[in-house]
Amino acid sequence: CIWRPKLRRLRTRRMEVNWTFYRFLYVGVVVNLLAISAFNILIFFSVPHELSYIMGFSIGALTSYQLNRRFTFSNYKISQNGFFRYIFVYLSLFLFFLAVFSYLARFQDVEPRVAQLIVIAAQSILNFYFIEKFVFLRRQV
């Protein structure tokens, strides 16, 4: 059949995206453990919740760029101004989810550590989508 080769290519592309997403999740777990550790240490020393979140996120974002560039998206082409696009994506999502975090922690009385975990889960999915679309571009085969 004429359509079979196209179907195989579609399956291969879907599997590749899945592996890329799994590598992204693995890097995310490592980076988030680092960010959560920094957050908890700062909370322990009575640093305000928002400042602790900002510091943990900053450490995570810089580490995440390096790991994703070398491990997750190593076979992707980095867009021109890739680092700045990466920071823009992370910073935009950060500001949005900082507001969500503050809303949950301050106005909904969600414990700050639980609010952080909720925010991390939602933010991870959106980070992958925007980073793959705007920072690390698929190579033309």
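Where a number appears in this text, it was derived from the coordinates with a stated rule and is not lab data. Just so you know, these numbers come straight off a predicted model, no measurement behind them.
Among (1) 16.3, 52; (2) 19.9, 76; (3) 17.6, 67, which one is Rg and Dmax of the Cα atoms in Å computed from these coordinates? Correct label is (3). Dividing the summed -39500 (n - 2.57) terms of all DSSP H runs of n ≥ 4 by the residue count of the chain sets its mean residue ellipticity at 222 nm at -26500 deg cm²/dmol.
Report Rg/Rh for segment 40-97, rounded to two decimals, where Rg is the Cα radius of gyration and Rh the Kirkwood radius.
Working: Rg = 13.9 Å, Rh = 12.8 Å.
Ratio of gyration radius to Kirkwood radius for segment 40-97: 1.09.
Given the Cα-Cα distance of E50 and V110 and 0.36 nm per residue of separation, how much length would full extension add, in nm? Answer, rounded to one decimal: 20.2 nm. In summary, the helical segments of the chain meeting the span-like criteria, namely a full DSSP H run, a Cα extent along the axis of 30 angstrom or more and a mean Kyte-Doolittle hydropathy of at least 0.0, are 3-44, 112-134.
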